[in-house]
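Quick notes on the structure that follows.
The values are calculated or read from the model by the stated rules, or taken from the named source; none is laboratory data. On a predicted model such as this, the values are computed, not experimentally measured, just so you know. When we count neighbours, we look across all protein chains shown, and the Cβ atoms used for this are built from the backbone with ideal geometry, even at glycine. The protein model used for the area step is the full one, side chains on, heavy atoms only, and it has no ligands, DNA or RNA in it. Shrake-Rupley method; radii C 1.70, N 1.55, O 1.52, S 1.80 Å.
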Amino acid sequence: MANSSASAQAAAGSDDKVVRCLVVGETADGKSSLLDALLDDTYYSEFPDERPKKLDMGSSDAKGVTHEITSYRGMKLPGTDKHLELYDTPGVGTEQCPIEEIMASIRTKFEKNIKFQCILTTAPATTTTPGAGGRIVKLLLNEGLCGDEVEAWNHVILVGTKADRADKFD
């Protein structure tokens, strides 16, 4: 794992006890906010300093907060003994973080040793063409990070963005 925090160490587990999810999308789409909703509250109550900090989206440094791939222990899946292992990625599609750079980071970090059971990608519900988030998902699937080509798209979950909220409490 890229970091040596307690959460990263705890996220590592045997393949039969985890469901690995990679979270990808464009800058400021809400990847880290989505991840925060999926965290293991029990674990982070024991290690509160490891919980990712929520960012005030009104602040001047709100865009591009995640700078490297970071792993977190996700919630326990109901009815199973498995938990989510979540990998937050930097937002793609900006000059500071082009798709090629994110793909290189993913290749370096995982070196095809890890298969993801799920790719969560954020994209505005109103868009009719795939943005940078959609393009990176296609590249990830082409590289076999979610199994073979035939079934790989079954592992992709499209999540709306902050822009899709009906109001600020949604």
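Over all distinct Cα pairs, what is the inverse of the mean 1/r for the stretch 78-136, reported as the Kirkwood hydrodynamic radius in Å? Could you put the intermediate results ahead of the total?
On the way: mean 1/r = 0.0737 Å⁻¹.
Computed over the stretch 78-136, the radius equals 13.6 Å.
In square angstrom, rounded to the nearest 10, how much accessible surface does Ile106 have for a 1.4 Å probe?
Here the residue's solvent-accessible area equals roughly 0 Å².
So what does Arg73 come to for accessible area, using a 1.4 Å probe and Å² rounded to 10?
60
How do the peptides 77-89, 22-34 rank, highest first, by the average count of neighbouring beta carbon atoms within 10 Å per residue? Can you show the working numbers first?
Values: 77-89: 17.2, 22-34: 23.0.
Put in order of decreasing packing, that is 22-34, 77-89.
Once you've got the Cα coordinates, tell me which of Lys31/Lys138; Lys109/Lys138; Lys115/Lys138; Lys82/Lys115; Lys17/Lys76; Lys17/Lys138 are over 20 Å apart.
Flagged as over cut-off: Lys17/Lys138.
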